[in-house]
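**Q** Here it is: the structure, laid out below.
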Amino acid sequence: MTAMKWFYSFLRKHNRRILFGLFLVTAISVLAIAKPIVSGSIVDDVITAGNYDLLPKLIVLLILITVVRGLLRYISQIIFETCSQDVLYSMRDTVYRKLLQEDFNFYNKKRTGDLLSRQTGDMDAIRHFVAFVIYQVYENVFLFFFALIMIFTVSTRLALCMCIVFPLALLVTLSQTKNGRPCFQKIREQFSSLNTFVQENISGNRVVKAFSKEDYEISKFNKENDGYRDAELNAAEIWTKYVPLFEFLSNMLTIILMLVGSIMVIRGDMTLGNYVTVNGYLWMLMNPLRQIGWRINDIQRFSTSVEKIYATYSEEPRVKFPVKAIPCTRLNGEVTFKNVSYSADDEEILHNVSFHVSSGQTVGILGSTGSGKTTIMNLLCRFYDVTDGEVLIDGKNVKDLDLYNLRQNIGMAMQDVFLFSDTIEGNIAYSKPDCPFEEVQKAALMADADDFIRQMPDGYDTIVGERGVGLSGGQKQRISLARALLKEPSILILDDTTSAVDMETESYIQKQLSTLDRNCTIFVVAYRISSIKDSDLILVLNNGRIVEQGTHDELLKNNGYYATVFRHQYGEFEKYVDELNSSIRQEGKGK
């Protein structure tokens, strides 16, 4: 499907209304054509022939034509504006739904500002085309050819003299169309770039202020702003060069009428009334010629915007819904990775990862930055698809499971906490917006968030800023954890969720997690040994491979990477305390 066919799929739903609107425009044009005929009759039949009894009737007819044209114009504009808003509504809704279906690969490569441009500036260019350009082009073309035909009926010789201008107008039109298209593509690209820059700087304003880089960012903004201005000026140079040419050609029609028409009237080849009639038709030829340049600009802005939107819309996600999905209303939480490898952009991130987790177990994942910890969780949620191997849940490949059902069974407190501009209650209840307040509070209590929430001015009704601005890192993490717990998932993923909380809070949260449903499998991704040392299984990753796996005690005995990290975090004192407690327990058994 081409971009224009895709656009027409939205427009054709309103074909009847648009055709009715064009019918009204046709009536408006016909009435406009009738006015010069009436004017010519006034000159020939009233002024020249002296038939003054016709004058009142002809004046009433002119007034009636003017009133009817005004009424029909109002109705037609309402129709086209309504159609444009309906088309825009449907198109924006369709594009937004498609954006929600895109996977992480799509958003990794797309800039937020570009996507916002598709939904704002580009959509508005389409609205303008449907609401205004369609009927304007139709009306101008209709008036032009009909007026030309009427001039031929009045004087063939004069009409042929006027036709000399039209081939020149066609050449100018083709030249503007060819030269203008690249300029409008550049405008849309620069607009997207400017949008992206502003969005990033507004979101990152705290970093800018923290490093006192306002002047630096202003200079970067000026470059983006200059680029957009230059793109607009380059396009303006096109139409400022061609619009005067169309103006000149339209004025040439007046000159032809004045020279040729006057000579014909003097010679008696044409009556003065016919001259007035042709003069009334002249604006119907001149106005379309004057507007050609502007309408070409509008059409090219529209076509460029449609292509940009469709290019974004037509990108297919790599993670696709299975054709015959296996329904999974409630999973047990048994997870198996079989020889899983994952590569992105020719870089291997995971290599031959294999492990098995029984339902209800807690799994700790430890490793240096970039070792693949978060990638394992992303593959489990099927945010990405494995390059090789299989990810199984309850013995079924995640690629075969219904994607929505799969993710509904997984609760995730992400490393990068995102909170919406909503109340705290709304953020916690995001997965279950209609749940009673008691469930929200219970989840907040388990995440040790209830105390600080109640101390806020409006408690659970406190509005948090965009991305949780106004809350500390630890507070945002606990709200994120509460949001995941409220879901009551079969699999709970905590991706470095307690890194910003103190040890006492972390210990409390771990105790609360131990009270979860026995069938809830928990994955804890962390850098702190304290977060994972009580796990049933600990996976140690390095360079995308599992280099160690086992329980805390087993890994300490191996004296590998895990033991090294443990000693760095706990020191020899902790080792001494563990040995002392062990000896005390042995003495107790001996007694």
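The values are calculated or read from the model by the stated rules, or taken from the named source; none is laboratory data. Just so it is clear, the structure is predicted and the values come from calculations on it, not from any experiment. Don't worry about glycine lacking a Cβ; one is built from the backbone with ideal geometry, like all the others, and counts go over all protein chains shown. Surface accessibility is based on the protein's heavy atoms, side chains included, excluding ligands, DNA and RNA. Shrake-Rupley method; radii C 1.70, N 1.55, O 1.52, S 1.80 Å.
**Q** Can you work out the accessible area per residue across the chain, with the rest of the protein chains kept in place, probe 1.4 Å, in square angstrom?
**A** Numbers: 30670 Å² over 591 residues.
Spelled out: the 1.4 Å probe surface of the chain, per residue, equals 52 Å².
**Q** Oh, and also: So what's region 363-432 giving for Rg/Rh, alpha carbon basis, Kirkwood Rh from the mean inverse pair distance? Please report the intermediate quantities before stating the final value.
**A** Details: Rg = 14.6 Å, Rh = 14.3 Å.
Rounded to two decimals, Rg/Rh equals 1.02.
**Q** Return the ratio Rg/(2.2 N^0.38 Å) for region 157-233, where Rg is computed over Cα atoms only. Before the final figure, lay out each step's value.
**A** Values: Rg = 22.4 Å, N = 77, 2.2 N^0.38 = 11.5 Å.
Dividing the Cα radius of gyration by 2.2 N^0.38 Å gives 1.95.
**Q** Between Val207 and Gln119, what's the calculated FRET efficiency when r is the beta-carbon distance and R0 is 22 Å? Round to 0.05.
**A** Numbers: r = 26 Å, r/R0 = 1.18.
My answer for the efficiency is 0.25.
**Q** Hey, what number do you get for the chain at 222 nm if only DSSP H runs of n ≥ 4 count, each worth -39500 (n - 2.57), divided across all residues, to the nearest 500? Numbers along the way, then the final one.
**A** Numbers: 23 runs with 370 residues, N = 591.
Calculated from helices alone, the mean residue ellipticity at 222 nm is -21000 deg cm²/dmol.
**Q** What full-extension length gain, to one decimal in nm, is calculated for His568 and Asp103 as 0.36 nm per residue of separation minus the Cα-Cα distance?
**A** Values: separation 465, 0.36 × 465 = 167.40 nm, distance 3.85 nm.
Using 0.36 nm per residue and subtracting the Cα-Cα distance, I get 163.6 nm.
**Q** Anything in the chain that counts as a DSSP H helix reaching 27 Å or more along its axis (C-alpha) with Kyte-Doolittle mean of at least 1.6? List them, would you? If you can, show how the numbers build up before the last one.
**A** Working: long enough: 15-41 (39 Å, 1.29); 54-101 (70 Å, 0.83); 134-154 (30 Å, 1.79); 165-203 (55 Å, -0.03); 214-256 (61 Å, -0.43); 272-313 (60 Å, -0.11); 561-590 (34 Å, -1.09).
Span-like helices, by this rule, are 134-154.
**Q** Taking amide hydrogens as modeled 1.01 Å from N in the peptide plane, which residues meet the under 5 Å criterion relative to Met270, leaving out close sequence neighbours?
**A** Here Val265 satisfy the definition.
**Q** Sticking with this one: Carbon and sulfur: what percent of region 73-197's accessible surface (1.4 Å probe)? Each step should come with its number before you reach the end.
**A** Values: 3900 of 5990 Å².
Result for region 73-197: 65 percent of the exposed heavy-atom area is carbon or sulfur.
**Q** If you build the convex hull over the alpha carbons only and average its shadow over all orientations, what do you get for region 299-346? Give it in nm² to one decimal.
**A** Details: hull surface 28.7 nm².
Mean projected area of the Cα convex hull: 7.2 nm².
**Q** Computed from the mean reciprocal separation of all distinct C-alpha pairs, what Kirkwood hydrodynamic radius does region 235-353 have, in Å?
**A** Working: mean 1/r = 0.0459 Å⁻¹.
So the Kirkwood estimate lands at 21.8 Å.
**Q** For region 116-170, what number results from the quotient of the Cα radius of gyration and 2.2 N^0.38 Å? Display every interim value, and only then the final one.
**A** On the way: Rg = 17.7 Å, N = 55, 2.2 N^0.38 = 10.1 Å.
Here the Cα radius of gyration is 1.76 times the empirical estimate.
**Q** Now for a different question. Using θ = phi - 60° and the Karplus relation 6.51 cos²θ - 1.76 cosθ + 1.60, list the HN-Hα couplings for region 535-541 in order, rounded to whole Hz, with x at every Gly or Pro.
**A** Karplus values, whole Hz, x for Gly and Pro: 5, 5, 9, 10, 9, 10, 10.
**Q** Leaving ligands and nucleic acids out of the surface, order Asp346, Asp553 by accessible area at 1.4 Å, largest first.
**A** Values: Asp346 165, Asp553 100 Å².
Descending accessible area places them as Asp346, Asp553.
**Q** Please give the contour-minus-distance gain from Val323 to Lys220: 0.36 nm per residue of separation, less the Cα-Cα distance, rounded to one decimal in nm. Mind dumping the intermediate values first?
**A** Working: separation 103, 0.36 × 103 = 37.08 nm, distance 4.72 nm.
My answer for the length gained is 32.4 nm.
**Q** I would also like to ask the following. What accessible surface, in Å², does a 1.4 Å probe find on Asp536, ignoring ligands, DNA and RNA and rounding to the nearest 10?
**A** Its heavy atoms expose roughly 80 Å² to the probe.
**Q** Measuring from the lowest to the highest alpha carbon on each principal axis, how far does region 381-536 reach, largest first, in angstroms?
**A** Ordered largest first, region 381-536 gives principal extents of 51, 34, 27 Å.
**Q** Using only the heavy atoms of the protein chains and a 1.4 Å probe, how would Ser117, Ser343 rank by accessible area, largest first? Intermediate values should be presented prior to the final figure.
**A** Numbers: Ser117 0, Ser343 50 Å².
The residues order as Ser343, Ser117, largest area first.
**Q** With every protein chain present, what accessible area does Phe321 have (1.4 Å probe, heavy atoms only), rounded to the nearest 10 Å²?
**A** Here the accessible area works out near 90 Å².
**Q** Compute the distance in nm between two label points, each set 7 Å from the Cα along the Cα-to-Cβ direction, one at Ile37 and one at Ser530.
**A** Each label point lies 7 Å from its Cα, and together they span 9.3 nm.
**Q** Can you give me the pair-distance distribution of the chain, C-alpha pairs, 10 Å bins, whole percents?
**A** 3, 12, 17, 17, 14, 10, 8, 7, 6, 3, 1, 1, 0, 0
**Q** Please give the charge dipole size of region 393-485, origin at the Cα centre, charges +1 on K and R Cβ atoms and -1 on D and E Cβ atoms. Round to the nearest 20 debye.
**A** Details: 10 positive and 15 negative charges, 68 e Å.
Rounded to the nearest 20 debye, it is 320 debye.
**Q** I'd like to compare 291-303, 58-70, 23-35: which one has the highest average count of other Cβ atoms within 10 Å, and what's the full order after that? Write down the numbers at each step before the final one.
**A** Numbers: 291-303: 20.2, 58-70: 13.1, 23-35: 17.6.
For the peptides 291-303, 58-70, 23-35, the packing ranking is 291-303, 23-35, 58-70.
**Q** Also: If I model a spin label as a point 7 Å beyond the Cα along the Cα-Cβ vector, how far apart are those points for Ser421 and Tyr89 in nm?
**A** Inter-label distance under the simple model: 2.4 nm.
**Q** Could you order Ile263, Ile529 so the one with the most accessible surface comes first? Probe is 1.4 Å.
**A** Ile263, Ile529
**Q** Using a 1.4 Å probe on the protein heavy atoms only, what accessible surface does Ser314 show? Give it in Å² to the nearest 10.
**A** 50
**Q** In addition: Pop a pseudo-label 7 angstrom from the Cα along the beta-carbon direction at both Phe166 and Glu390 and give the gap in nm to one decimal.
**A** Reported label-point gap for Phe166 and Glu390 is 7.2 nm.
**Q** Using Cα positions and a limit of under 20 Å, work out the aspartates and glutamates in reach of Lys220, with same-chain residues fewer than 8 apart set aside.
**A** Cross-link targets: Asp114, Glu189, Glu200, Asp230, Glu232.
**Q** What percentage of all Cα-Cα pairs in region 1-85 are separated by more than 15 Å? Walk me through the numbers before you get to the answer.
**A** Values: 2380 of 3570 pairs.
Tail of the P(r) past 15 Å holds 67 percent of the pairs.
**Q** Can I ask one more? I'd like the FRET efficiency for Gln77 and Thr156, computed as 1/(1 + (r/R0)^6) with the beta carbon distance as r and R0 of 51 Å, rounded to 0.05.
**A** Working: r = 37 Å, r/R0 = 0.72.
With a Förster radius of 51 Å, E is 0.90.
**Q** Something else: With only alpha-carbon atoms in the gyration tensor, what are the semi-axes of the equivalent ellipsoid for region 324-454, in Å, largest first? Don't skip to the end; give the middle numbers.
**A** Working: eigenvalues 183, 69, 41 Å².
Listed largest to smallest, the semi-axes of region 324-454 are 30, 19, 14 Å.
**Q** Using modelled backbone amide H atoms (1.01 Å from N, in-plane), which distant-in-sequence or interchain residues come within less than 5 Å of Leu401's amide H?
**A** Excluding prolines and chain starts, which carry no amide H, the hits are Ile326.
**Q** P(r) for region 403-482: what percent of alpha-carbon pairs falls in each 10 Å bin, starting at zero?
**A** In order of increasing distance, the bins hold 19, 56, 22, 3 percent.
**Q** About the Cα centre of region 296-398, what is the dipole size in debye to 20, counting +1 per Lys and Arg Cβ and -1 per Asp and Glu Cβ, all else neutral?
**A** Working: 10 positive and 13 negative charges, 93 e Å.
Rounded to the nearest 20 debye, it is 440 debye.
**Q** So for region 284-397, Kirkwood radius off the Cα pairs, Stokes-Einstein at 25 °C and 0.890 mPa s: how many µm² s⁻¹? Spell out each step's value before the answer.
**A** Working: Rh = 18.5 Å.
Roughly 133 µm²/s, to the nearest whole number.
**Q** Then there's this: Applying 1/(1 + (r/R0)^6) with R0 = 51 Å to the Cβ-Cβ distance of Asp345 and Tyr508, what FRET efficiency is obtained, to the nearest 0.05? Don't skip to the end; give the middle numbers.
**A** Working: r = 41 Å, r/R0 = 0.81.
Calculated transfer efficiency: 0.80.
**Q** May I pose another question? Going down the list Lys110/Lys487; Lys110/Lys511; Lys13/Lys432; Lys5/Lys324; Lys178/Lys320, which pairs span over 32 Å between their C-alpha atoms? Spell out each step's value before the answer.
**A** Details: Lys110/Lys487 30 Å; Lys110/Lys511 41 Å; Lys13/Lys432 36 Å; Lys5/Lys324 30 Å; Lys178/Lys320 40 Å.
Over 32 Å Cα-Cα: Lys110/Lys511; Lys13/Lys432; Lys178/Lys320.
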